[in-house]
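The structure appears below as structure tokens.
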Amino acid sequence: MSPTDSTPTVPAIGVQLYTLRSLGDRIEDLLDVAAGAGAEVVETVGRHGVSAPRLRDALASRGLRALSSHVQLDALEADVDAEIAFAREVGIRTLVVPFLTPGQRPDDARGWSALGARLDAFGARMRDAGLRLAYHNHDFELREVDGRSGLAWLLDAADPQYLEAELDLAWVARAGGDPREALRSWSSRARLLHVKDVAPDGEARDEDGWAVPGRGTLPWDGLLRQAADVGVEAWLLEHDRPIDPERTVRDGCAYLRATRDALANGRADRA
């Protein structure tokens, strides 16, 4: 969808379950929190140590969908077909490479481009299976390498139909970048968006400086409007180190619902 499309996407509101990891390993408990907060979808962290039928049934009984899943690069390289099969059985639509260990991170443009080509090949196999592949950024991909960011080299080496970008705009800000420009630059690949905030300097040190969206320094009202206009399908609430995960998810989902309602009402008023 282009920014000029007359029917902007109505994004789903979701939770990246990494936010709730401190609550324990039982997937049903994490899904109870997400559903209780009003989430419509979740993004899983791998398989959560359960079978595909158990995860599928736990989601269905709570009225949730697993829209996407974070799957480590090593897991894809070990057995991509098994990851595809698990996702299809659960109903997951997008697999996301979430993080590179220091040893996996390229240190020059050629390395980032080679990684993009590897992901392009995985993405082609997933597309054949009816799935999508995305890459999730932190801050290290935004560092300049040979005149451009590592993320730019990576994405340019892959066909957009085979590799999307799950943008984490708070990490873009942490890297000194402009979240609005990042969303503009990669809007054609952006279908899933991580939503968390950066606390003001010196605040929330016990939470690594992160904040619930709407309570930090990022202009989330405008960013979410921009995201909806360019076709982002889901706003996925995340917090890397919440002191109170349940409250974080509850407050964050409430903010996302209110923002989505305000956008819808504003468009109705202009119609």
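Taken together, the values in this text are just the output of simple stated rules run on the coordinates, not laboratory data. These numbers were taken from a predicted model, which means no experiment stands behind them. Backbone-built Cβ (ideal geometry, glycine too); neighbour counts: all protein chains shown.
General observations
- Measure of compaction for the range 138-271 (Cα Rg per 2.2 N^0.38 Å): 1.09
- For peptides 30-38, 256-264, sequence by mean Cβ density within 10 Å, most packed first: 30-38, 256-264
- Between Asp261 and Asp139, the simple label model (points 7 Å from Cα in the Cβ direction) yields a spacing of 3.5 nm.
- Bins of 10 Å from zero: percent of alpha-carbon pairs in the chain: 7, 30, 37, 23, 3, 0
- Distance-filtered residues of the range 175-198 - backbone nitrogen under 19 Å, label point 7 angstrom along Asp146 Cα→Cβ: none
- Residue-averaged 222 nm ellipticity for the chain, from DSSP H runs of 4+ at -39500 (n - 2.57), nearest 500: -13000 deg cm²/dmol
- Ordering of 50-62, 16-28 by packing [mean C-beta count within 10 Å, highest first]: 16-28, 50-62
- Over the range 1-113, the pair-distance histogram of Cα-Cα distances with 10 Å bins from zero comes to 12, 39, 28, 18, 3 percent, rounded to whole numbers.
- Comparing Cα centroids, the range 153-212 and the range 24-42 end up 24 angstrom apart.
- Span-like helix ranges in the chain, DSSP H, alpha carbon extent 20 angstrom or more, Kyte mean at least 0.0: 73-90
- Sorted peptide list for 65-75, 138-148, criterion being average Cβ within 10 angstrom, highest first: 65-75, 138-148
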